[in-house]
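Values in this text are rule-based calculations from the coordinates and carry no lab data. Fair warning: this is a prediction, and the values are worked out from it, not measured in the lab.
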Amino acid sequence: MKQRFFIIVFLILFVVVIAVAASANRSGTSSSVTQERPDPKLQFTVQSDTIGNDYILVTNEATGARITITQNMLPFTANFAKGDVLTFKVNPREGYIFNAWLINDGTWESSNPLSLRPSGDFTMKAYFLGLTEAS
């Protein structure tokens with residue numbers, strides 16, 4: 001009989017301990033698991049100075065996504081993730097040649113195509129020269 005009594009007391013105590021632990025978890029007094037948020041998306045904007053742009057091809061090397069931006073789509077804004085490598089390739093309209101990119105109103109780049117690994121939002125503007133201007 002004594003043995004049954006101890007088993008019953010043990011079971012009651014066990015249930016009470018479980019109930020108290022579950023109650024503490026619901027009330028937030030114990031540690032909780034935090035869910036990490038993904039990095040927020042960053043933005044780039046592409047512009048062009050003249051009608052010298054036939055199209056600009058933008059490729060996200062990380063995802064393989066490609067977009068062809070035509071003159072009537074400019075200015076064009078899209079999202080990317082921090083750390084992505086973006087490649088910009090200009091295809092000038094007939095009678096024009098590509099001159100340079102202006103990045104964030106401060107950095108000039110003449111590479112075409114141009115690959116970047118931006119760490120924040122940025123704007124790129126393509127500049128062209130008419131063939132008569134380039135002579």
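Brief remarks follow.
- With the convex hull of its Cα atoms as the shape, segment 42-134 has an orientation-averaged projected area of 5.4 nm².
- Normalised per residue, the volume of the convex hull around the Cα set of segment 45-92 (Å³): 66
- If the segment from D49 to R117 were pulled out straight at 0.36 nm per residue, it would be longer than the present Cα-Cα gap by 22.1 nm.
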